Structures are given as structure tokens and as C-alpha cells.
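Asker: Got a structure for you, written out below as C-alpha cells; questions coming shortly.
The values are calculated or read from the model by the stated rules, or taken from the named source; none is laboratory data. Here the structure is a predicted model, which means the values were calculated and not measured. Please note: Cβ atoms are built from the backbone with ideal geometry, for glycine as well, and neighbour counts cover all protein chains shown. Note: areas computed on protein heavy atoms with side chains; ligands, DNA, RNA excluded. Shrake-Rupley method; radii C 1.70, N 1.55, O 1.52, S 1.80 Å.
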Amino acid sequence: MLPGYTEDLAHASTAVDEPTRETAATEPLTERAVQAQVASVARAARAQSGNGGVLQVVHGAKRVGWAAYELQRNAAHLVQGVAKPPYVTTGPLDSLESRKLAEGVQYQVLYDRSALALPPQLDITTKLVAQGEQARVIHVAPTKLIMVDNEIALMPLTVSENTVESAVVVRSSAMLAALGRIFEDMWRFAAPLTAAQDLSGQEMQPTEEERWILSLLASGATDDTIGRLMGFSARTAHRRVRELIARLGVETRFQAGMQAVKLGWL
């Protein structure tokens, strides 16, 4: 779960020497709003950096990786997270998730669309979904995130091109509640991913007419607009849209557009 936080947890310990910049792999946060929020968290965290506070800063790639591992290892009921590239060695975290799933811990993972573009990650995700992971895909994820049992979370704080230089641990607080609400909002509008799904989109390819409908759907067009532009009634447009939503295995029009993009239909 959330590969890319560490390259070798098997040799990590809770007492790492000086902070290091070994590969922890995350891309820079590019959205200004997210950067501003993270900067705000950083300022608050530096003011409350004690181990017993609501916020705690973790410095160094190995320490961040170990924190990601420990949070999931101690999960009792639920792990929620956002995963995005770049990725490095992820075996320890993937093996840990498999064990936790077998223990009955629920996993809800949002994947940045580009996260599934690399065959190794796609294969890993497919196996984890088959084991019980609930996975959904969003077009662009603003940052990585781990949240455990609605009690504690970990998110990158300062990053370089390929490394998480520091992360912030957020314990039960209004800030943690806000992170939970943001995750739920993203989850609600993301496209579901199933183990049996043909992620390559090579099967059940849409017709050109269906591609046009999906393009209009992704642009936010109503059934009336789709019918008028496609040359059939609003009732027929509504039926065709519902058929495409069901075919894609999603629940909403927005999810249908996201799923179509993910499958390469648009």
C-alpha cells in the first residue's frame, strides 16, 4: 500500500541515524492549493514537534518509510490511502498489506491514474484487489496519504524530485477530520477498479458513436444536449448513458467519464 515511501523496510529501524535522502519516491506537489496547505501544516508542525502533540514531523526517507510501515502494521480496522508515482521497491509494503487484508483489515486505496500506467504496479494492484483491497482511480492525486483507523495519518511534508525528505504525522484532531472528509470526497467521485476488470481496455471497445457520447458525458453535457448533438431523443440519450455507466461498472456520470479515460477510450 502506498509504494514509494521506502526502498527497503527490511533493514529500517526506529532509530535511524542522521536524516537521509535515500529514495522514497514521490513527485513534487505541483498544485498551489496543496502546496499552501502543506506549508501551513509544516509551520504548525514545527511549532508542535513533540512526540505527544497532534502534529509530529518525521525527517529522512528511511524514517518516513518506517512510519508508513508502522502505521499500517498497527492498523486494526481500516487503512485509507492515496498512491501515486514515481515508485521504487515496494515488496515490504505490499506484503504487509496482503497480511493485513488476511487479518480482516479493510483497505481503501485511491490511485492516481498514472500510477497504473506501469505494468508492474498494475499487476501488483490487480493482485491486491483480488485479495480484497477496494481500489478506485482518480485523474490526478494531489499527494500521497496514509490514514489508519480514522485516528492517525501520514502525508509528505517536504519533497525533492524523487524523495520524501520529511512527512507529517497527524493524530486525532480537526485537521485529521478534514483529511478524512477530503479523502471521502475524492473516493466518492473516483472510478472503481475490480480484479476482473480488463484494465488495458482491449476488450469491449466502444463504438465511435459511444466514444462521442462518452466525450460529451466527460464534458458535462446533459442528456438533452447529448440527444440533440447525436440526433436522437433525450429519452434515448438517457438510456444510452445509463447503459454505458452500467457497462463501465460505475455509478455516476462523472465516474463513467473518469473510467473511460482510464481505459483509454477517450
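Asker: What FRET efficiency do you get for ARG188 and GLU208 if R0 is 22 Å and r is their Cβ-Cβ distance, rounded to the nearest 0.05?
Answerer: 0.10
Asker: Around LYS100, what is the net charge, scoring Lys/Arg as +1 and Asp/Glu as -1 over all other residues with Cβ under 14 Å from its Cβ?
Answerer: Surrounding charge for LYS100 is -4.
Asker: Just to be sure I understand the model, the point goes 7 Å from the Cα along the line to the Cβ. What's the resulting THR222 to GLU103 distance in nm?
Answerer: Placing both labels 7 Å along Cα→Cβ, they lie 5.2 nm apart.
Asker: SER114 versus ARG181, label points 7 Å from Cα toward the beta carbon: distance in nm?
Answerer: Distance between label points: 3.0 nm.
Asker: Then there's this: Which sequence of THR222, THR236 reflects their accessible areas, 1.4 Å probe, from the largest down?
Answerer: Largest accessible area first, the residues go THR222, THR236.
Asker: Further question on the same structure: Net charge near HIS77, counting Lys/Arg +1 and Asp/Glu -1 over other residues with Cβ under 13 Å of its Cβ?
Answerer: -2
Asker: Another question, then. GLN131 versus ARG73, label points 7 Å from Cα toward the beta carbon: distance in nm?
Answerer: A separation of 1.6 nm, rounded to one decimal place.
Asker: Just to verify a number: FRET efficiency for HIS238 and HIS139, C-beta to C-beta distance, R0 = 30 Å, to 0.05?
Answerer: 0.75
Asker: For VAL137, what is the net charge nearby, where nearby means another residue's Cβ is under 12 Å from its Cβ and Lys, Arg count +1, Asp, Glu -1?
Answerer: +3
Asker: Can you tell me the accessible area per residue over the stretch 205-259, all protein chains present, probe 1.4 angstrom, in square angstrom?
Answerer: Result: 56 Å² of accessible area for each residue.
Asker: Turning to a different aspect of this structure: On the accessible surface of the stretch 96-138, probed at 1.4 Å, how many percent belong to carbon and sulfur atoms?
Answerer: 54
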